[in-house]
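Asker: First the structure, which I've put down as structure tokens, then a few questions once you've had a look.
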Amino acid sequence: MIKAESIDVENLPNVLIEEKSNLPTDSGIYLAIDANNKVQYVGIARGLFGIRGRWCQGKHHKEKELQAISSIRIAYILIGDKELLPEMEQALIQWFRPPLNREFLPPKTQFRGVQNRTSVTIPESLLVWFQDYCKKQKRSISAQISFMIEELKDQEERNK
């Protein structure tokens, strides 16, 4: 496993965001990096078309925000074992603390606009499992649910 602190973002293979069609079709971790070598966002791609597919099949959910920052490039680390991707993504997020990975923003700035609170009833065993899952993802239950809903929404929009 790659150690996050050993990653030198300046030396990772990368393409400018405008040239995203040149990204590899392999699975891996991608980092959106600005002109000052600050990591703005970290994500994973494990689908059929890998990192390129994550960026080129429809709009990436952070692309608009990233294009507002000058000279964004997408760096990547190819990872063959898809089982390792979530753990590695979280390690890189913890290390680089990218501002667009919103689980690291202060709570009051995490969500823009109106927020709604809801409650759900789920079996105790499922709740215990989900709490453990959230700890592994290093997200609160609320942040994990929001993340999953956004992922589903993005997936549905890509499939239109």
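The values are calculated or read from the model by the stated rules, or taken from the named source; none is laboratory data. Source: prediction; values computed, not measured. Glycine also receives a Cβ, built like all others from the backbone with ideal geometry; neighbour counts cover every protein chain displayed.
Asker: Among Ile7, Ile44, which is modelled with pLDDT of 90 or more and either assigned by TED's automatic domain parsing to the domain that holds Ala143 or of a type in the set (Val, Ile, Thr) (or both)?
Answerer: On inspection, the qualifying residue turns out to be Ile44.
Asker: Would you point out which residue out of Glu87, Glu83, Glu63 is surrounded by fewer than 15 Cβ atoms within 10 Å (Cβ to Cβ), charged (D, E, K, R) and under 14 Å from the mean Cα position of the chain (by Cα)?
Answerer: Glu87
Asker: How many residues does region 128-140 hold that are over 14 Å from Glu87 (Cα atoms) and within 17 Å of the chain's Cα centre (by Cα)?
Answerer: Residues in region 128-140 being over 14 Å from Glu87 (Cα atoms) and within 17 Å of the chain's Cα centre (by Cα): 1 in total.
Asker: In region 3-21, which residues are among the hydrophobic types (A, V, I, L, M, F, W, C) and touching a residue at least 60 places away in the same chain (Cβ under 8 Å)? Before you say what the answer is, go through the steps one by one.
Answerer: Let us first name the residues in region 3-21 that are among the hydrophobic types (A, V, I, L, M, F, W, C), namely 4, 7, 9, 12, 15-17.
Ala4, Ile7, Val9, Leu12 - these are the residues of region 3-21 that are among the hydrophobic types (A, V, I, L, M, F, W, C) and touching a residue at least 60 places away in the same chain (Cβ under 8 Å).
Residue-by-condition table, conditions (1) out of contact with any Ser or Thr (no Cβ under 8 Å at 6 or more places or on another chain); (2) more than 15 Å from Phe96 (Cβ to Cβ); (3) surrounded by 17 or more Cβ atoms within 10 Å (Cβ to Cβ):
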{"residue": "Lys3", "(1), (2), (3)": "yes, no, no"}
{"residue": "Val15", "(1), (2), (3)": "yes, yes, yes"}
{"residue": "Glu19", "(1), (2), (3)": "yes, yes, no"}
{"residue": "Gln40", "(1), (2), (3)": "yes, no, yes"}
{"residue": "Gln57", "(1), (2), (3)": "yes, yes, no"}
{"residue": "Ile72", "(1), (2), (3)": "yes, no, yes"}
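Asker: Which pairs do you get when a residue that is aromatic (Phe, Trp, Tyr), found in region 43-66, comes within reach of a residue that is part of a helix (DSSP H, G or I), reach meaning Cβ atoms under 6 angstrom, with the pair 6+ apart or on two chains?
Answerer: Matching pairs, first to second residue: Trp55/Lys20.
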